[in-house]
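Each remark here refers to the structure printed beneath this line.
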Amino acid sequence: MTVKVFPVTLFLVFCVVTMVAQAGLEKNLERYQKGQYEQAISSLDSAIALHPTAENYFLRADCKHKLKNFSGALTDYDAAKMKGYSGPELFLHRGICRVSMQMFSGAREDLNAYISINARSAKAYYWLGVADYMEVENYASIEMLNLAITLDSAYAEAYYLRAANHAELRKYNKALADYGLALTYSPQLYQARLNMARVYLETSNYQSAEEILSELRLEPIDFLSDVYYYRGEARYRMKDEEGACKDWKEAASEGDLDAKESYEEVCLNRDGKPKYKKQTYFEF
């Protein structure tokens, strides 16, 4: 009597393929966690060609999202959903992606769907606040951010965005307080310090603005031209025209067009030459 082993062989092949696919997914998840998004995407492209699973699509979407390829990420989030991805985080991640694409109606639908599952998600309320802010709904944004902060009292980004809302509503004391709280929980949130200086400029506290900007100039920032421009504004309003001109010249050299305009208007004479000569203590 002949024993048929073909079904068993198929089962073993299936098990091997499943194990290999799972190992590949775990490896790509590891790459994602290490920030190796391009490598993960390349590997996931191959994996999806062979195994177009919901998990592979979702992970590739997250990688594209991190690289700010929002349209590609959204396509993959939708594919993961169609393939049966059941994790509630899909609503959160896709909602955030849609906010970034200014698809606010769909974003709110996703974020509220996530909140219906996880009502204590500070992150979901924060991104609802971002959507409201981007649509210039300052009071609605503040309401969402208040909920986020209630759930996570150390949420630096929520304080920062609430401060921005207050500043736009000209509630400057509240804005300064929230920028301060953002910095308490995230001291490297240098943009908060810049915006504090801008609020001080708005409220004619030029000395405080100048002090903050002088300190900020020494930090590892990628918005140095803004620092020089606003410090130039502060110095100009404190009647330090020469100091303002030096700062505007620095900002203009970094490509700041507003600083260039201010420099040309204030710091050049009728012949187009600088009013203030560079001082030197090394002369023959």
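Quick note: the coordinates plus some simple rules give every number you see, no bench work behind them. None of these values were measured; they are calculated from a predicted model. Backbone-built Cβ (ideal geometry, glycine too); neighbour counts: all protein chains shown.
Odds and ends about this structure:
- Pairs exceeding 19 Å between alpha-carbon atoms, taken from K27/K64; K246/K275; K246/K273; K239/K273; K66/K123; K83/K123: K239/K273; K83/K123.
- Exposure proxy ranking for S43, S208, based on other Cβ atoms within 10 angstrom of each Cβ and starting from the fewest, stands as S208, S43.
- Cα centroid separation, region 152-204 to region 207-226 (Å): 15
- Label positions at Q36 and L224, each projected 7 Å from the Cα along the C-beta direction, are separated by 3.3 nm.
- Between L268 and Q102, the modelled label-to-label distance comes to 3.4 nm, taking each label 7 Å out from Cα in the direction of the beta carbon.
- If you plug the beta carbon distance of N112 and D45 into 1/(1 + (r/R0)^6) with R0 = 35 Å, you get a FRET efficiency near 0.60.
- Per-pair calculated FRET efficiency, R0 = 22 Å: E168 and E211 via Cβ, rounded to 0.05: 0.35
- Estimated FRET transfer efficiency (E135, E261; beta-carbon r; R0 22 Å; 0.05): 0.10
- Here the residues K64, K246, ranked from fewest to most Cβ neighbours within 10 Å of their Cβ, fall in the order K246, K64.
- Global form of region 188-267, assessed from the alpha-carbon gyration tensor, a/c cut-off 1.5: oblate
- Paramagnetic label zone (point 7 Å from Cα along Cα-to-C-beta, R120; backbone N under 18 Å) in region 153-176: 153-155
- Taking other C-beta atoms within 10 Å as the exposure proxy, S116, S225 rank S116, S225 from fewest upward.
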